[in-house]
Amino acid sequence: MPAQSNSFRGIRSSKFRHVFGRGSRKENCYENVLITQKAHDTAACAVNPKFIAIAVEVAGGGAFIVLPLDKTGRIDINTAKVTGHAGPVLDLKWCPFNDNLIASAADDCTVKLWHIPDGGIKTNMTEPLADLQGHQRRVSIVEWHPTVENILFSAGYDYQILVWDTRRAALCITLDLHSDVIYSLSCNRDGSRIVTTSRDKRLRVIDPRSGKLLQEGVCHEGSKACKAVYCGDTGLIFTTGFSRFSDRQYGVWDEKSLNSPLRLDTIDSSSGVLTPYYDHDTRVVFVAGKGDGNIRYYEITDSPPYCHYLNQYITGEPQRGFGVMPKRGCKVSQCEIFRFFKLYATKAICEPVSMIVPRKSDQFQPDLYPDTASPTPALSAEEWLAGTNRGPVLMSMKTGMTIKTHRPLPLRASESSSDKNADKKYAFLSRETRPDYRPMEVRVSSSTDKDLKTSTNLDTKFQALQKLWGCNVKNMGDNKEQCSNSSSVGGESERTKNTINRLNMKPGDSPTRLLDQEKEMQILDKPSPKTESELRRAYTAQCEELKLLRRQLIIKDRKIHELEDQLNHLKAGHK
(Lines give C-alpha, C1' and ligand atoms only; values in the text may rest on other atoms or scores of the structure.)
Protein backbone atom coordinates (compact mmCIF):
# COMPACT_ATOMS: atom_id res chain seq x y z
CA MET A 1 0.00 0.00 0.00
CA PRO A 2 1.47 3.35 -0.93
CA ALA A 3 2.22 5.75 1.94
CA GLN A 4 -0.30 8.57 2.31
CA SER A 5 1.17 12.10 2.21
CA ASN A 6 0.53 14.17 5.30
CA SER A 7 -0.54 17.76 4.48
CA PHE A 8 0.07 19.01 8.02
CA ARG A 9 3.46 20.74 8.13
CA GLY A 10 3.44 21.88 11.76
CA ILE A 11 4.10 25.35 13.14
CA ARG A 12 6.52 27.51 11.21
CA SER A 13 9.73 28.16 13.09
CA SER A 14 10.68 31.84 13.55
CA LYS A 15 12.83 33.64 16.11
CA PHE A 16 10.34 36.54 16.03
CA ARG A 17 7.28 34.42 16.74
CA HIS A 18 7.20 35.49 20.39
CA VAL A 19 7.96 39.17 19.96
CA PHE A 20 5.97 41.19 22.51
CA GLY A 21 5.34 44.86 23.14
CA ARG A 22 6.21 46.57 26.40
CA GLY A 23 4.69 49.92 27.28
CA SER A 24 6.32 52.50 29.53
CA ARG A 25 5.52 53.63 33.02
CA LYS A 26 3.90 56.98 33.61
CA GLU A 27 7.16 58.65 34.63
CA ASN A 28 8.76 57.54 31.34
CA CYS A 29 5.98 59.02 29.17
CA TYR A 30 5.58 62.56 27.85
CA GLU A 31 2.47 64.07 29.42
CA ASN A 32 0.54 67.29 28.84
CA VAL A 33 1.45 67.41 25.13
CA LEU A 34 -1.33 69.09 23.14
CA ILE A 35 -1.03 66.86 20.07
CA THR A 36 -2.29 68.43 16.85
CA GLN A 37 -5.65 67.37 15.46
CA LYS A 38 -4.84 68.44 11.89
CA ALA A 39 -2.16 65.91 10.87
CA HIS A 40 -4.59 63.72 8.88
CA ASP A 41 -2.96 60.30 8.26
CA THR A 42 0.63 61.36 8.99
CA ALA A 43 2.27 60.63 12.31
CA ALA A 44 3.07 64.23 13.34
CA CYS A 45 5.86 62.74 15.46
CA ALA A 46 9.55 62.14 14.71
CA VAL A 47 12.22 60.57 16.91
CA ASN A 48 15.98 60.06 16.87
CA PRO A 49 18.48 59.07 19.59
CA LYS A 50 18.65 62.71 20.78
CA PHE A 51 15.22 64.32 20.42
CA ILE A 52 11.54 63.75 20.02
CA ALA A 53 9.51 66.22 17.94
CA ILE A 54 5.70 66.38 18.14
CA ALA A 55 3.36 68.65 16.19
CA VAL A 56 1.16 70.49 18.68
CA GLU A 57 -2.06 72.46 18.62
CA VAL A 58 -1.65 76.24 18.62
CA ALA A 59 -4.06 79.16 18.21
CA GLY A 60 -2.66 80.36 14.87
CA GLY A 61 -0.22 78.97 12.34
CA GLY A 62 1.62 75.74 12.97
CA ALA A 63 4.15 74.65 15.57
CA PHE A 64 5.91 71.64 17.00
CA ILE A 65 7.88 71.03 20.16
CA VAL A 66 11.32 69.44 20.35
CA LEU A 67 12.25 67.72 23.61
CA PRO A 68 15.43 65.91 24.64
CA LEU A 69 14.66 62.20 24.71
CA ASP A 70 15.31 61.93 28.46
CA LYS A 71 13.02 64.86 29.37
CA THR A 72 10.03 62.70 30.32
CA GLY A 73 7.19 63.40 32.71
CA ARG A 74 4.80 66.32 32.63
CA ILE A 75 5.72 68.89 29.99
CA ASP A 76 5.25 72.57 30.78
CA ILE A 77 2.47 74.14 28.73
CA ASN A 78 4.80 77.09 27.98
CA THR A 79 7.58 74.90 26.58
CA ALA A 80 9.49 76.60 23.76
CA LYS A 81 8.17 75.69 20.31
CA VAL A 82 9.26 75.89 16.69
CA THR A 83 6.70 78.36 15.34
CA GLY A 84 7.88 79.33 11.87
CA HIS A 85 4.99 77.92 9.81
CA ALA A 86 1.91 79.92 8.86
CA GLY A 87 -0.27 76.79 8.73
CA PRO A 88 -0.63 73.53 10.69
CA VAL A 89 2.39 71.21 10.60
CA LEU A 90 1.51 67.98 8.76
CA ASP A 91 4.73 65.94 8.76
CA LEU A 92 8.11 65.86 10.52
CA LYS A 93 11.29 63.92 9.68
CA TRP A 94 14.74 63.95 11.29
CA CYS A 95 17.75 63.85 9.02
CA PRO A 96 19.30 60.33 9.20
CA PHE A 97 22.84 61.80 9.10
CA ASN A 98 22.44 64.76 11.46
CA ASP A 99 20.50 64.36 14.70
CA ASN A 100 20.17 68.14 15.03
CA LEU A 101 18.48 68.74 11.65
CA ILE A 102 14.74 68.29 11.14
CA ALA A 103 12.46 68.92 8.15
CA SER A 104 8.85 70.01 8.58
CA ALA A 105 6.01 70.16 6.05
CA ALA A 106 2.95 72.29 6.64
CA ASP A 107 -0.32 73.56 5.32
CA ASP A 108 1.34 76.83 4.21
CA CYS A 109 2.79 75.08 1.08
CA THR A 110 6.37 75.17 2.39
CA VAL A 111 9.01 72.79 3.68
CA LYS A 112 11.36 74.22 6.29
CA LEU A 113 14.62 72.96 7.75
CA TRP A 114 15.49 73.62 11.38
CA HIS A 115 18.73 73.20 13.30
CA ILE A 116 18.03 72.18 16.90
CA PRO A 117 20.91 72.86 19.33
CA ASP A 118 22.01 70.18 21.77
CA GLY A 119 19.89 70.34 24.91
CA GLY A 120 16.81 71.51 23.00
CA ILE A 121 15.47 74.98 22.33
CA LYS A 122 15.08 77.50 25.16
CA THR A 123 12.94 80.13 23.39
CA ASN A 124 10.47 79.99 20.52
CA MET A 125 12.25 79.42 17.22
CA THR A 126 10.90 81.34 14.23
CA GLU A 127 13.81 81.57 11.78
CA PRO A 128 14.42 78.35 9.80
CA LEU A 129 17.75 77.21 8.47
CA ALA A 130 16.20 76.99 4.99
CA ASP A 131 12.77 77.70 3.53
CA LEU A 132 11.95 75.43 0.57
CA GLN A 133 9.15 76.95 -1.50
CA GLY A 134 7.97 75.14 -4.62
CA HIS A 135 4.60 73.51 -3.91
CA GLN A 136 1.38 75.20 -4.92
CA ARG A 137 -0.76 73.51 -2.27
CA ARG A 138 -0.26 72.02 1.17
CA VAL A 139 2.69 69.69 1.71
CA SER A 140 1.71 66.47 3.46
CA ILE A 141 4.84 64.26 3.19
CA VAL A 142 8.58 64.77 3.62
CA GLU A 143 11.15 61.97 3.35
CA TRP A 144 14.96 62.04 3.52
CA HIS A 145 17.04 59.99 1.13
CA PRO A 146 18.28 56.91 3.05
CA THR A 147 21.91 56.97 1.81
CA VAL A 148 22.60 60.38 0.24
CA GLU A 149 23.36 63.53 2.17
CA ASN A 150 21.27 66.69 1.63
CA ILE A 151 18.59 65.08 -0.57
CA LEU A 152 14.97 65.52 0.54
CA PHE A 153 11.69 64.41 -1.08
CA SER A 154 8.44 66.27 -0.51
CA ALA A 155 4.92 65.45 -1.75
CA GLY A 156 1.98 67.83 -1.73
CA TYR A 157 -1.67 68.18 -2.62
CA ASP A 158 -0.59 69.66 -5.97
CA TYR A 159 0.07 66.02 -7.07
CA GLN A 160 3.82 66.65 -7.39
CA ILE A 161 6.94 65.17 -5.78
CA LEU A 162 9.83 67.61 -5.47
CA VAL A 163 13.47 66.58 -4.93
CA TRP A 164 15.49 69.18 -3.00
CA ASP A 165 19.17 69.79 -2.43
CA THR A 166 19.01 71.07 1.13
CA ARG A 167 22.62 72.26 1.13
CA ARG A 168 21.85 74.85 -1.53
CA ALA A 169 18.14 75.12 -0.64
CA ALA A 170 17.49 74.50 -4.34
CA LEU A 171 14.90 72.46 -6.23
CA CYS A 172 16.62 69.73 -8.25
CA ILE A 173 13.86 67.59 -9.79
CA THR A 174 10.08 67.83 -10.17
CA LEU A 175 8.14 64.55 -10.57
CA ASP A 176 4.73 65.24 -12.09
CA LEU A 177 3.41 61.70 -12.58
CA HIS A 178 0.31 61.67 -10.38
CA SER A 179 -3.24 62.69 -11.16
CA ASP A 180 -4.51 62.83 -7.58
CA VAL A 181 -3.42 63.34 -3.98
CA ILE A 182 -0.37 61.32 -2.90
CA TYR A 183 -0.97 59.23 0.21
CA SER A 184 2.47 57.74 0.88
CA LEU A 185 6.08 57.77 -0.34
CA SER A 186 8.83 55.28 0.48
CA CYS A 187 12.40 54.67 -0.76
CA ASN A 188 14.14 51.37 -1.30
CA ARG A 189 17.38 50.45 0.46
CA ASP A 190 19.74 52.55 -1.71
CA GLY A 191 17.22 55.23 -2.70
CA SER A 192 17.31 54.43 -6.42
CA ARG A 193 13.54 53.75 -6.49
CA ILE A 194 10.54 55.25 -4.75
CA VAL A 195 7.07 53.77 -4.41
CA THR A 196 3.93 55.89 -4.02
CA THR A 197 0.22 55.42 -3.47
CA SER A 198 -2.43 57.99 -4.31
CA ARG A 199 -6.14 58.65 -4.21
CA ASP A 200 -6.55 57.26 -7.75
CA LYS A 201 -5.88 53.77 -6.24
CA ARG A 202 -2.67 53.36 -8.26
CA LEU A 203 0.62 51.96 -7.00
CA ARG A 204 3.65 53.45 -8.78
CA VAL A 205 7.37 52.68 -8.82
CA ILE A 206 9.39 55.69 -9.97
CA ASP A 207 13.02 56.48 -10.75
CA PRO A 208 13.45 59.76 -8.82
CA ARG A 209 16.37 61.06 -10.90
CA SER A 210 15.07 60.54 -14.42
CA GLY A 211 11.41 60.99 -13.45
CA LYS A 212 10.54 57.82 -15.35
CA LEU A 213 7.54 55.74 -14.31
CA LEU A 214 8.93 52.21 -14.06
CA GLN A 215 5.83 50.28 -12.98
CA GLU A 216 2.19 51.08 -12.29
CA GLY A 217 -0.76 49.01 -11.16
CA VAL A 218 -4.03 49.05 -9.25
CA CYS A 219 -3.38 48.81 -5.54
CA HIS A 220 -6.35 48.34 -3.16
CA GLU A 221 -9.82 48.96 -4.55
CA GLY A 222 -11.28 50.70 -1.51
CA SER A 223 -11.96 54.43 -1.44
CA LYS A 224 -9.96 55.17 1.72
CA ALA A 225 -6.25 55.87 1.91
CA CYS A 226 -3.75 53.11 1.17
CA LYS A 227 -0.08 53.11 2.22
CA ALA A 228 3.02 51.43 0.83
CA VAL A 229 6.51 50.74 2.13
CA TYR A 230 9.55 49.32 0.35
CA CYS A 231 10.87 46.13 1.96
CA GLY A 232 14.53 47.15 1.84
CA ASP A 233 16.55 45.61 -1.00
CA THR A 234 14.35 42.51 -1.36
CA GLY A 235 12.43 43.97 -4.32
CA LEU A 236 9.15 43.51 -2.45
CA ILE A 237 6.59 46.17 -1.59
CA PHE A 238 4.19 45.89 1.35
CA THR A 239 0.90 47.80 1.11
CA THR A 240 -2.13 48.36 3.36
CA GLY A 241 -5.54 49.57 2.25
CA PHE A 242 -9.21 48.70 1.91
CA SER A 243 -11.14 46.27 -0.25
CA ARG A 244 -14.16 47.11 -2.31
CA PHE A 245 -16.31 46.16 0.71
CA SER A 246 -14.27 48.38 3.12
CA ASP A 247 -12.39 45.48 4.70
CA ARG A 248 -8.84 46.31 5.70
CA GLN A 249 -6.21 44.45 3.66
CA TYR A 250 -2.50 44.03 3.26
CA GLY A 251 -0.70 43.09 0.07
CA VAL A 252 2.79 42.03 -1.01
CA TRP A 253 3.96 43.09 -4.48
CA ASP A 254 6.95 42.55 -6.73
CA GLU A 255 8.50 45.86 -7.79
CA LYS A 256 9.09 44.47 -11.32
CA SER A 257 5.44 43.70 -11.94
CA LEU A 258 2.49 45.46 -10.31
CA ASN A 259 -0.21 43.82 -12.41
CA SER A 260 -1.21 41.47 -9.57
CA PRO A 261 -0.06 41.09 -5.96
CA LEU A 262 2.06 38.20 -4.77
CA ARG A 263 -0.28 37.98 -1.80
CA LEU A 264 -3.44 39.83 -0.79
CA ASP A 265 -5.13 39.08 2.52
CA THR A 266 -7.88 40.57 4.68
CA ILE A 267 -7.05 41.81 8.18
CA ASP A 268 -10.38 42.95 9.70
CA SER A 269 -13.33 45.26 9.10
CA SER A 270 -12.31 48.33 11.09
CA SER A 271 -12.31 51.80 9.56
CA GLY A 272 -8.94 53.24 10.68
CA VAL A 273 -6.24 53.81 8.05
CA LEU A 274 -3.38 51.32 8.47
CA THR A 275 0.26 52.42 8.29
CA PRO A 276 3.12 49.91 7.77
CA TYR A 277 6.58 50.27 9.37
CA TYR A 278 9.33 48.01 8.00
CA ASP A 279 12.50 46.93 9.81
CA HIS A 280 15.07 45.79 7.26
CA ASP A 281 17.40 44.13 9.79
CA THR A 282 14.77 41.67 11.05
CA ARG A 283 12.50 41.74 7.95
CA VAL A 284 9.52 42.36 10.20
CA VAL A 285 6.77 44.78 9.20
CA PHE A 286 4.62 46.38 11.90
CA VAL A 287 1.09 47.48 11.00
CA ALA A 288 -0.76 50.03 13.15
CA GLY A 289 -4.12 51.63 12.48
CA LYS A 290 -5.29 55.12 13.41
CA GLY A 291 -7.84 54.80 16.20
CA ASP A 292 -6.81 51.21 16.97
CA GLY A 293 -5.32 50.07 20.23
CA ASN A 294 -3.14 47.32 18.79
CA ILE A 295 -0.04 46.81 16.62
CA ARG A 296 0.21 43.75 14.38
CA TYR A 297 3.51 42.43 13.06
CA TYR A 298 4.36 40.19 10.13
CA GLU A 299 7.54 38.58 8.86
CA ILE A 300 8.51 38.99 5.21
CA THR A 301 10.13 36.11 3.31
CA ASP A 302 11.40 35.66 -0.24
CA SER A 303 9.30 32.57 -0.95
CA PRO A 304 5.52 32.06 -0.91
CA PRO A 305 3.42 33.01 0.95
CA TYR A 306 5.85 35.97 1.38
CA CYS A 307 4.16 37.27 4.54
CA HIS A 308 3.63 35.45 7.84
CA TYR A 309 1.54 36.73 10.72
CA LEU A 310 3.50 36.74 14.01
CA ASN A 311 1.52 38.35 16.82
CA GLN A 312 0.02 41.62 18.00
CA TYR A 313 0.47 44.09 20.83
CA ILE A 314 -2.91 45.00 22.34
CA THR A 315 -3.75 47.95 24.60
CA GLY A 316 -6.97 49.66 25.61
CA GLU A 317 -5.88 53.15 24.52
CA PRO A 318 -6.49 54.17 20.88
CA GLN A 319 -3.57 55.70 19.01
CA ARG A 320 -3.40 58.74 16.74
CA GLY A 321 0.02 58.10 15.25
CA PHE A 322 3.51 56.82 15.89
CA GLY A 323 7.06 58.02 15.87
CA VAL A 324 9.75 55.41 15.17
CA MET A 325 13.23 55.27 16.67
CA PRO A 326 16.06 54.43 14.24
CA LYS A 327 17.69 51.06 14.84
CA ARG A 328 20.88 52.64 16.20
CA GLY A 329 18.82 54.04 19.10
CA CYS A 330 17.39 50.69 20.26
CA LYS A 331 18.50 49.07 23.51
CA VAL A 332 20.60 46.06 22.58
CA SER A 333 20.91 44.80 26.15
CA GLN A 334 17.11 44.36 26.35
CA CYS A 335 16.81 42.66 22.92
CA GLU A 336 14.72 45.58 21.68
CA ILE A 337 14.29 45.36 17.90
CA PHE A 338 11.88 48.29 17.41
CA ARG A 339 10.59 51.22 19.44
CA PHE A 340 7.42 53.17 18.80
CA PHE A 341 6.41 56.47 20.36
CA LYS A 342 2.64 56.22 20.58
CA LEU A 343 0.52 59.37 20.42
CA TYR A 344 -2.73 58.82 22.31
CA ALA A 345 -5.94 59.73 20.50
CA THR A 346 -7.90 60.67 23.63
CA LYS A 347 -5.17 61.93 25.97
CA ALA A 348 -2.30 64.39 25.80
CA ILE A 349 0.28 61.63 26.22
CA CYS A 350 3.13 60.20 24.16
CA GLU A 351 4.17 56.71 25.34
CA PRO A 352 7.29 54.79 24.27
CA VAL A 353 6.48 51.18 23.32
CA SER A 354 9.35 48.70 22.91
CA MET A 355 9.15 45.59 20.74
CA ILE A 356 11.27 42.93 22.42
CA VAL A 357 12.41 39.44 21.47
CA PRO A 358 12.43 37.33 24.67
CA ARG A 359 15.89 35.94 25.36
CA LYS A 360 17.24 34.53 28.61
CA SER A 361 20.76 35.85 28.10
CA ASP A 362 21.60 39.54 28.34
CA GLN A 363 24.58 39.11 26.01
CA PHE A 364 24.71 40.58 22.52
CA GLN A 365 22.51 38.63 20.10
CA PRO A 366 24.14 38.72 16.63
CA ASP A 367 21.14 37.04 14.95
CA LEU A 368 18.87 39.89 16.12
CA TYR A 369 21.30 42.69 15.36
CA PRO A 370 23.11 42.37 12.04
CA ASP A 371 25.10 45.37 10.85
CA THR A 372 22.66 48.24 10.49
CA ALA A 373 22.63 51.58 8.68
CA SER A 374 24.96 54.11 10.26
CA PRO A 375 24.51 57.91 10.42
CA THR A 376 27.19 58.33 7.74
CA PRO A 377 26.10 59.21 4.18
CA ALA A 378 27.29 56.91 1.41
CA LEU A 379 27.12 59.54 -1.33
CA SER A 380 27.00 63.27 -1.79
CA ALA A 381 24.09 64.95 -3.53
CA GLU A 382 26.21 65.68 -6.61
CA GLU A 383 27.27 62.03 -6.97
CA TRP A 384 23.71 60.77 -6.64
CA LEU A 385 22.33 63.29 -9.13
CA ALA A 386 25.08 62.19 -11.56
CA GLY A 387 23.65 58.63 -11.51
CA THR A 388 25.59 56.77 -8.77
CA ASN A 389 23.78 54.34 -6.47
CA ARG A 390 25.23 52.95 -3.27
CA GLY A 391 23.80 51.13 -0.27
CA PRO A 392 24.00 52.53 3.25
CA VAL A 393 27.22 52.56 5.24
CA LEU A 394 26.83 49.80 7.84
CA MET A 395 27.89 49.70 11.46
CA SER A 396 27.92 47.07 14.18
CA MET A 397 25.69 47.34 17.25
CA LYS A 398 27.83 44.97 19.31
CA THR A 399 29.11 47.79 21.52
CA GLY A 400 25.60 48.31 22.88
CA MET A 401 26.06 52.08 22.76
CA THR A 402 23.43 54.45 21.39
CA ILE A 403 25.05 56.14 18.41
CA LYS A 404 24.35 59.87 18.17
CA THR A 405 25.64 62.49 15.77
CA HIS A 406 26.70 66.04 16.51
CA ARG A 407 27.28 68.46 13.67
CA PRO A 408 27.66 72.22 13.89
CA LEU A 409 25.10 74.59 12.41
CA PRO A 410 25.55 74.40 8.62
CA LEU A 411 25.82 77.55 6.57
CA ARG A 412 22.71 79.02 5.05
CA ALA A 413 22.37 79.00 1.32
CA SER A 414 23.16 82.73 1.12
CA GLU A 415 26.30 82.47 3.22
CA SER A 416 29.80 81.63 2.05
CA SER A 417 32.73 80.45 4.13
CA SER A 418 35.18 82.54 2.11
CA ASP A 419 33.28 85.70 2.98
CA LYS A 420 33.39 84.82 6.67
CA ASN A 421 37.13 84.22 6.53
CA ALA A 422 37.63 87.53 4.76
CA ASP A 423 35.72 89.34 7.50
CA LYS A 424 37.92 87.73 10.13
CA LYS A 425 41.06 88.72 8.26
CA TYR A 426 39.94 92.33 7.87
CA ALA A 427 39.02 92.50 11.56
CA PHE A 428 42.46 91.22 12.49
CA LEU A 429 44.24 93.65 10.17
CA SER A 430 42.26 96.60 11.50
CA ARG A 431 43.55 96.08 15.05
CA GLU A 432 46.15 98.49 16.39
CA THR A 433 49.66 97.08 16.40
CA ARG A 434 51.44 97.39 19.75
CA PRO A 435 55.18 96.80 19.33
CA ASP A 436 57.29 95.50 22.21
CA TYR A 437 60.84 96.96 22.10
CA ARG A 438 62.18 95.14 25.15
CA PRO A 439 65.09 92.72 24.76
CA MET A 440 64.14 89.10 24.16
CA GLU A 441 65.66 87.87 27.42
CA VAL A 442 63.55 90.34 29.36
CA ARG A 443 60.41 89.08 27.67
CA VAL A 444 61.25 85.45 28.40
CA SER A 445 62.02 86.18 32.05
CA SER A 446 58.66 87.92 32.55
CA SER A 447 57.01 85.17 34.56
CA THR A 448 55.03 87.06 37.19
CA ASP A 449 51.45 88.14 36.74
CA LYS A 450 52.48 91.78 36.75
CA ASP A 451 55.17 91.23 34.11
CA LEU A 452 52.74 89.22 31.99
CA LYS A 453 50.18 92.02 32.07
CA THR A 454 52.85 94.61 31.37
CA SER A 455 54.14 92.62 28.38
CA THR A 456 50.66 92.56 26.89
CA ASN A 457 50.06 96.26 27.59
CA LEU A 458 47.51 95.48 30.31
CA ASP A 459 47.34 97.66 33.41
CA THR A 460 47.98 96.17 36.82
CA LYS A 461 46.07 97.46 39.85
CA PHE A 462 49.12 99.40 40.97
CA GLN A 463 49.47 101.08 37.60
CA ALA A 464 45.76 101.89 37.55
CA LEU A 465 46.09 103.65 40.91
CA GLN A 466 49.14 105.52 39.65
CA LYS A 467 47.10 106.75 36.71
CA LEU A 468 44.41 107.83 39.17
CA TRP A 469 46.97 110.07 40.94
CA GLY A 470 48.04 111.70 37.67
CA CYS A 471 51.36 109.95 37.24
CA ASN A 472 52.47 108.75 33.82
CA VAL A 473 52.78 104.96 34.19
CA LYS A 474 54.98 104.36 31.17
CA ASN A 475 57.56 106.87 32.38
CA MET A 476 57.30 106.01 36.07
CA GLY A 477 60.64 104.24 36.29
CA ASP A 478 62.66 106.77 34.27
CA ASN A 479 61.08 110.17 34.91
CA LYS A 480 60.19 110.30 38.61
CA GLU A 481 61.11 113.96 38.88
CA GLN A 482 58.93 114.85 35.90
CA CYS A 483 56.10 112.88 37.43
CA SER A 484 56.36 114.67 40.81
CA ASN A 485 56.82 118.18 39.40
CA SER A 486 54.09 117.94 36.78
CA SER A 487 51.51 119.02 39.35
CA SER A 488 53.23 122.37 40.11
CA VAL A 489 54.05 123.66 36.61
CA GLY A 490 52.40 127.03 35.97
CA GLY A 491 51.20 127.39 39.61
CA GLU A 492 48.57 124.63 39.47
CA SER A 493 48.29 121.13 38.08
CA GLU A 494 46.11 119.98 35.23
CA ARG A 495 43.89 118.08 37.67
CA THR A 496 43.45 121.27 39.69
CA LYS A 497 42.33 123.13 36.58
CA ASN A 498 39.84 120.41 35.77
CA THR A 499 38.55 120.48 39.35
CA ILE A 500 38.09 124.28 39.27
CA ASN A 501 36.17 124.03 36.02
CA ARG A 502 34.04 121.27 37.49
CA LEU A 503 33.23 123.23 40.63
CA ASN A 504 31.90 126.28 38.68
CA MET A 505 32.46 128.74 41.56
CA LYS A 506 30.12 131.73 41.52
CA PRO A 507 30.30 135.11 43.33
CA GLY A 508 27.35 134.25 45.57
CA ASP A 509 28.84 130.99 46.95
CA SER A 510 28.77 130.53 50.74
CA PRO A 511 32.01 130.69 52.79
CA THR A 512 31.56 127.06 53.82
CA ARG A 513 31.57 125.90 50.23
CA LEU A 514 34.59 128.06 49.48
CA LEU A 515 36.45 126.50 52.44
CA ASP A 516 35.54 123.02 51.25
CA GLN A 517 36.72 123.85 47.78
CA GLU A 518 39.97 125.26 49.15
CA LYS A 519 40.53 122.08 51.14
CA GLU A 520 39.94 120.02 48.03
CA MET A 521 42.43 122.16 46.12
CA GLN A 522 45.00 121.59 48.86
CA ILE A 523 44.48 117.84 48.63
CA LEU A 524 44.86 117.90 44.87
CA ASP A 525 48.00 120.03 45.02
CA LYS A 526 49.78 117.55 47.27
CA PRO A 527 52.76 115.89 45.63
CA SER A 528 52.01 112.49 44.16
CA PRO A 529 53.30 109.47 46.09
CA LYS A 530 56.36 107.84 44.66
CA THR A 531 56.58 104.47 46.41
CA GLU A 532 54.09 101.69 47.04
CA SER A 533 54.01 102.31 50.78
CA GLU A 534 53.29 106.01 50.26
CA LEU A 535 50.57 105.08 47.81
CA ARG A 536 48.94 102.75 50.34
CA ARG A 537 49.08 105.39 53.05
CA ALA A 538 47.56 107.95 50.71
CA TYR A 539 44.84 105.52 49.74
CA THR A 540 44.03 104.80 53.41
CA ALA A 541 43.93 108.52 54.20
CA GLN A 542 41.58 109.14 51.29
CA CYS A 543 39.24 106.39 52.52
CA GLU A 544 39.18 107.90 56.00
CA GLU A 545 38.44 111.34 54.61
CA LEU A 546 35.59 109.93 52.52
CA LYS A 547 34.10 108.22 55.58
CA LEU A 548 34.36 111.50 57.52
CA LEU A 549 32.67 113.41 54.72
CA ARG A 550 29.86 110.84 54.62
CA ARG A 551 29.32 111.18 58.37
CA GLN A 552 29.30 114.97 58.11
CA LEU A 553 26.80 114.79 55.29
CA ILE A 554 24.51 112.55 57.33
CA ILE A 555 24.71 114.93 60.31
CA LYS A 556 23.92 117.94 58.10
CA ASP A 557 20.92 116.17 56.60
CA ARG A 558 19.68 115.28 60.06
CA LYS A 559 19.99 118.93 61.22
CA ILE A 560 18.18 120.15 58.11
CA HIS A 561 15.26 117.78 58.82
CA GLU A 562 15.13 118.92 62.45
CA LEU A 563 15.04 122.59 61.43
CA GLU A 564 12.30 121.87 58.89
CA ASP A 565 10.22 120.12 61.57
CA GLN A 566 10.66 123.07 63.98
CA LEU A 567 9.65 125.49 61.24
CA ASN A 568 6.50 123.48 60.51
CA HIS A 569 5.58 123.46 64.24
CA LEU A 570 6.05 127.24 64.46
CA LYS A 571 3.85 127.80 61.41
CA ALA A 572 1.16 125.56 62.90
CA GLY A 573 1.35 127.47 66.27
CA HIS A 574 0.85 130.88 64.58
CA LYS A 575 -2.21 129.64 62.74
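The values are calculated or read from the model by the stated rules, or taken from the named source; none is laboratory data. Nothing here was measured: the structure is a model prediction, and the numbers come from that model. Note that we place each Cβ from the backbone using ideal geometry, even for glycine, and neighbour counts take in every protein chain shown. The protein model used for the area step is the full one, side chains on, heavy atoms only, and it has no ligands, DNA or RNA in it. Shrake-Rupley method; radii C 1.70, N 1.55, O 1.52, S 1.80 Å.
A few remarks follow.
- Per-peptide average of other Cβ atoms within 10 Å, ordering 261-267, 187-193 highest first: 187-193, 261-267
- Cα centre as origin, Lys/Arg/Asp/Glu Cβ charges: the stretch 53-94 dipole, Debye: 60
- Dimensionless Rg over Rh [the stretch 201-351; C-alpha; Kirkwood]: 0.97
- For the stretch 307-411, the fraction of 1.4 Å probe accessible surface lying on carbon and sulfur atoms is 54 percent.
- Rounded to whole numbers, the Karplus 3J(HN,Hα) couplings from phi for the stretch 256-267 are 8, 8, 9, 5, 8, x, 5, 8, 9, 9, 8, 9 Hz, using 6.51 cos²θ - 1.76 cosθ + 1.60 with θ = phi - 60°, and x at Gly and Pro.
- Euclidean distance of C-alpha centroids, the stretch 346-393 and the stretch 235-298, integer Å: 21
- In order along the stretch 167-174, the Karplus-derived 3J(HN,Hα) couplings, from 6.51 cos²θ - 1.76 cosθ + 1.60 at θ = phi - 60°, round to 5, 9, 6, 10, 7, 9, 9, 10 Hz, and Gly and Pro are given as x.
- In this structure the stretch 33-99 gives 34 Å² per residue of accessible area when probed at 1.4 Å with all protein chains present.
- Solvent-accessible area assigned to carbon and sulfur over the stretch 1-113 amounts to 50 percent, based on a 1.4 Å probe.
- Accessible area per residue for the stretch 349-392 is 47 Å², calculated with a 1.4 Å probe on protein heavy atoms, without ligands, DNA or RNA.
- Whole-percent carbon and sulfur share, accessible surface of the stretch 126-243, 1.4 Å: 38
- Volume of the Cα convex hull of the stretch 243-318, divided per residue and given in Å³: 100
- Descending by average beta-carbon neighbour count within 10 Å, the peptides 324-333, 156-165 line up as 156-165, 324-333, the highest first.
- The order of the peptides 201-208, 121-128, 106-113 by mean Cβ neighbours within 10 Å, most packed first, is 106-113, 201-208, 121-128.
- Rg to Rh, two decimals, where the stretch 59-155 supplies the alpha carbon set and Rh follows Kirkwood: 0.96
- Using θ = phi - 60° in the Karplus curve 6.51 cos²θ - 1.76 cosθ + 1.60, the 3J(HN,Hα) couplings for the stretch 24-30 round to 10, 6, 4, 6, 9, 9, 10 Hz; x is entered for Gly and Pro.
- Averaged per residue, the stretch 110-251 has 36 square angstrom of accessible surface, using a 1.4 angstrom probe with ligands and nucleic acids left out.
- Charge dipole (the stretch 1-134, unit charges on Cβ, about Cα centre) - positive-most of Ala46, Pro88, Val58: Ala46
- Shape summary of the stretch 119-253, radius of gyration then Dmax from alpha carbon positions: 16.1, 51 Å.
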